[in-house]
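Encoded as structure tokens, the structure appears first; notes follow it.
The values are calculated or read from the model by the stated rules, or taken from the named source; none is laboratory data. Computed from a predicted model, the values in this text were never measured in an experiment. Cβ atoms come from the backbone with ideal geometry, glycine included; neighbour counts cover every protein chain shown. To get the accessible areas, we keep the full protein, side chains included, count just its heavy atoms, and leave off ligands, DNA and RNA. Shrake-Rupley method; radii C 1.70, N 1.55, O 1.52, S 1.80 Å.
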Amino acid sequence: MSITELDKKYIAPTYARFGVELIEGRGSRLWDTAGKSYIDMGSGIGVSSFGFNDEAWKEAVIAQLGKVQHTSNLYYTEPCARLAEMLCSATGMKKVFFSNSGAEANECAIKAARKYAAAVRGEGCSTIITLQNSFHGRTLTTLAATGQEHYHELFQPLTPGFVSCPANDMEAMEALCGENTAAVMIECIQGEGGVLPLEANYVRALAALCKERDILLIVDEVQTGNGRTGEVYAYMNFGITPDIVSTAKGLGGGLPLGATLLGEKVENVFAFGDHGSTFGGNPVCCAGAISVFSRLDRAFLDEVKAKGEYLRKEFEGAAGIQSVSGMGLMLGLLTDAPVGDVLAKCMERGVLCLSAKNKLRLLPALNISWEELREAAAVIKEVCAELA
Ligand SMILES: *Cc1c(COP(=O)(O)O)cnc(C)c1O
């Protein structure tokens with residue numbers, strides 16, 4: 001049986017995979033079984049922050065692999081503690097809980113918010129307000145947090161205590177916030193929802209409202225975090241200070257790692273036994289994350305911004321492209337042609353892209369070369385113009 005046939009026979013059919021099997025990668029270039037090469041504009045959905053076979057990342061991971069691979073959280077390990085220190089000093093957050101995915105990072109954020117609110121504001125203060133069109137994960141609780149009905153339908157009953165509010169609507173938000181509101185959870189740029197940044201004024205007004213009423217502000221930085229927007233975390237583009245930040249995807253640079261950063265109010269909310277994860281904070285994953293995170297300095301982040309600006313200029317007003325949204329190297333293109341057709345044609349011409357709703361979504365590696373970026377932009381423009 002071919003790999004495609006084996007996969008179809010034995011893997012639960014939850015993914016509509018593209019018809020290629022990728023076998024090797026270098027930087028932002030990938031090769032399939034037929035020897036065809038592709039420029040990768042998706043980086044495994046914003047995960048491979050420094051592309052494939054990045055030397056520094058590989059060295060850090062391999063060095064840790066040669067020491068201790070897993071210990072559980074019953075013991076201290078250096079990469080876990082050092083990474084937590086780096087995350088806190090970059091953000092001003094006070095404590096970190098490590099897990100293995102974005103959904104788990106959000107689960108932890110929700111548990112922290114509920115425990116804090118019940119203790120400080122009273123039993124029953126447990127409601128989490130999220131935004132319509134948001135995406136927070138696939139577990140039953142993070143699905144409840146996800147403000148898109150079509151994800152909910154087949155899996156009732158979901159965790160209670162979540163309500164969703166239209167984005168960029170402070171009046172609606174103020175009306176929903178009440179005695180029982182423990183937290184508001186947002187993505188500064190809705191990723192899966194179609195690469196839609198929230199309005200800056202809205203984000204600031206929301207942060208002020210939360211502060212005034214002691215409602216915790218949770219920012220889901222699973223997709224937007226770790227340099228993606230040209231700041232370490234996307235909330236930094238808005239000049240706000242969240243109470244809780246969740247992140248994952250690009251943090252591990254290709255290994256599974258989630259982190260929930262706890263600010264001043266909630267730094268001591270968890271006590272022994274309140275939460276845990278067998279794999280969370282795995283030393284190999286944390287060693288990879290230290291390699292990623294330690295390179296996100298101002299010069300590097302400015303280059304991410306410059307690359308994003310370059311792509312934006314290329315695409316704005318181009319034939320077959322109606323609009324460009326996003327920040328840094330997280331961009332969404334609304335194309336004349338259906339996005340599925342654009343994706344397929346780009347792949348045929350050697351560029352791998354993503355979609356989000358009806359948008360073409362680009363999340364290339366943060367260190368993608370200018371040359372690869374130019375080549376990919378030319379192909380995408382050509383395809384959008386041709387299919388228009
Ligand atoms: C991808 C994503 C998640 C879920 O992350 P997983 O690692 O797939 O569990 C949660 N929130 C946002 C904003 C995401 O983009």
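Quick look at the values:
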{"item": "Out of Ala289, Ala306, sole residue that is surrounded by 16 or more Cβ atoms within 10 Å (Cβ to Cβ), modelled with pLDDT of 95 or more and not in a loop (DSSP other than H, G, I, E, B)", "result": "Ala289"}
{"item": "Options Glu371, Glu386; residue that is farther than 29 Å from Leu296 by Cα, open to solvent by 10 Å² or more (accessible area, probe 1.4 Å), of a type outside the set (Ser, Thr, Tyr) and over 23 Å from the mean Cα position of the chain (by Cα)", "result": "Glu386"}
{"item": "Checklist (1) hydroxyl-bearing (Ser, Thr, Tyr); (2) part of a helix (DSSP H, G or I); (3) open to solvent by less than 60 Å² (accessible area, probe 1.4 Å) applied to Ser72, failing item", "result": "(2)"}
{"item": "Only listed residue being away from the ligand (no atom under 16 Å from the Cβ), assigned to a helix (DSSP H, G or I) and in contact with a strand residue (DSSP E or B) (Cβ under 7 Å, 6 or more places away or on another chain), chosen from Ala175, Ala207", "result": "Ala207"}
{"item": "Flag for Thr146 being over 23 Å from Leu360 (Cβ atoms) and β-branched (Val, Ile, Thr)", "result": "no"}
{"item": "Residue identified as touching a Leu at 6+ places or on another chain (Cβ under 8 Å), more than 15 Å from the ligand (Cβ to nearest atom) and among the β-branched types (Val, Ile, Thr) among Val232, Val245", "result": "Val232"}
{"item": "Among (1) touching a residue at least 60 places away in the same chain (Cβ under 8 Å); (2) within 15 Å of the ligand (Cβ to nearest atom), the one test that Tyr116 misses", "result": "(2)"}
{"item": "Complete set of residues in segment 130-166 that are more than 16 Å from the ligand (Cβ to nearest atom) and buried (at least 19 other Cβ atoms within 10 Å of the Cβ)", "result": "Cys165"}
{"item": "In segment 119-129, residue nearest to the ligand (Cβ to nearest atom) [restricted to those that are over 24 Å from the mean Cα position of the chain (by Cα) and not hydroxyl-bearing (Ser, Thr, Tyr)]", "result": "Cys125"}
{"item": "Meets criteria (among the aromatic types (Phe, Trp, Tyr), out of contact with any Asp or Glu (no Cβ under 7 Å at 6 or more places or on another chain) and buried (at least 21 other Cβ atoms within 10 Å of the Cβ)) for Phe279", "result": "no"}
{"item": "Selection count where residues are within 16 Å of the ligand (Cβ to nearest atom) and either closer than 16 Å to Ala90 by Cβ or open to solvent by 50 Å² or more (accessible area, probe 1.4 Å) (or both), scope segment 254-276", "result": "5"}
{"item": "Candidates Glu21, Glu55, filtered to the one that is more than 23 Å from the chain's Cα centre (by Cα), open to solvent by 50 Å² or more (accessible area, probe 1.4 Å) and within 23 Å of Gly250 (Cβ to Cβ)", "result": "Glu55"}
